[in-house]
Amino acid sequence: MTIAVLAVQGAFIEHEKKLQALGADVFEIRQAKDLERHFDGLVLPGGESTVQGKLLRELGLFEALRDKIRAGLPVMATCAGLILLAEHIADDPTVHFGTLPVTVKRNAYGRQLGSFQCTADVEEIGKQLPLTFIRAPYIEKAEDAVKVLTRVDGNIVAVRYENQLGMSFHPEVTEDNRVHAYFLQMCEQKLS
């Protein structure tokens, strides 16, 4: 199983280490020629969504990745990655991939000082997962076809929609591997 990790900006190395520890082959997408390689899943990491969206377009990655996601490529998106997938961003007309039918509120918990950790049960993934929020968004609204996997303080922070797994938090910075293992199962199911 080969997983591509978008590596133009943000916290991508931690995702790579988690996936490698679970037995996946991993490579980084940094330029258009990287898309010539075969991959079974894609990770969109945290970071700065505005910068990532700009770089995706400048580097000639945007349309090809959007088309792959629309065609069913499994994708796991954390924090800024969730914003890249969202059909709508609250109070912002910007749309990046627009493949996930949700409305996301950016920096919903405030700036860096609003970062926090908690635990929550995440449907389909496990009980009492450690969740780390860093300048995190949350999902204000999810369309009916979107499965809400968990909420924190009443706010939606993890969803699954077809081939897309979107989260406000950063599973790559904890010792827990269950989110990444779940994503690899999504990729395996797509292959079978």
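The values are calculated or read from the model by the stated rules, or taken from the named source; none is laboratory data. Predicted model only: the values in this text are computed from it and were never measured. Neighbour counts are summed over all protein chains in view; Cβ atoms, including those assigned to glycine, are modelled from backbone coordinates with ideal geometry.
Being touching a helix residue (DSSP H, G or I) at 6+ places or on another chain (Cβ under 9 Å), of a type in the set (Lys, Arg) and over 21 Å from VAL26 (Cβ atoms) narrows it down to one of ARG70, ARG106, so name that one.
When all the criteria are applied, what remains is ARG106.
Any residue at all in segment 103-110 that is touching a Leu at 6+ places or on another chain (Cβ under 9 Å) and surrounded by 15 or more Cβ atoms within 10 Å (Cβ to Cβ)?
Yes, segment 103-110 contains a residue that is touching a Leu at 6+ places or on another chain (Cβ under 9 Å) and surrounded by 15 or more Cβ atoms within 10 Å (Cβ to Cβ).
Could you tell me which numbered condition LYS190 fails, if it satisfies all but one of (1) assigned to a helix (DSSP H, G or I); (2) under 16 Å from the mean Cα position of the chain (by Cα)?
(2)
Does LYS190 fit the bill of being within 23 Å of GLY98 (Cα to Cα), of a type in the set (D, E, K, R) and at pLDDT below 95?
yes
Within segment 112-135, take every residue that is part of a loop (DSSP other than H, G, I, E, B), touching a helix residue (DSSP H, G or I) at 6+ places or on another chain (Cβ under 9 Å) and under 18 Å from HIS180 (Cβ atoms) and give me the one that is modelled with the lowest pLDDT.
Ranking the qualifying residues of segment 112-135, first place goes to ILE134.
In the list GLY81, GLY23, GLY72, which residue meets the criterion of being buried (at least 19 other Cβ atoms within 10 Å of the Cβ) and either out of contact with any Asp or Glu (no Cβ under 7 Å at 6 or more places or on another chain) or part of a loop (DSSP other than H, G, I, E, B) (or both)?
GLY81
For segment 88-110: of the residues being in contact with a Phe, Trp or Tyr (Cβ under 9 Å, 6 or more places away or on another chain) and not in a loop (DSSP other than H, G, I, E, B), which is modelled with the lowest pLDDT?
So the residue we want is LYS105.
Within segment 136-187, considering only strands (runs of 3 or more DSSP E) that don't extend past its boundaries, which have at least 1 residues that are within 12 Å of the chain's Cα centre (by Cα)?
155-161, 164-167
Kindly indicate whether GLN52 is buried (at least 20 other Cβ atoms within 10 Å of the Cβ), among the polar types (S, T, N, Q) and farther than 16 Å from MET186 by Cα.
yes
Would segment 30-47 turn up any residue that is in a helix (DSSP H, G or I) and under 22 Å from PRO101 (Cβ atoms)?
The answer is no, given that none of the residues of segment 30-47 is in a helix (DSSP H, G or I) and under 22 Å from PRO101 (Cβ atoms).
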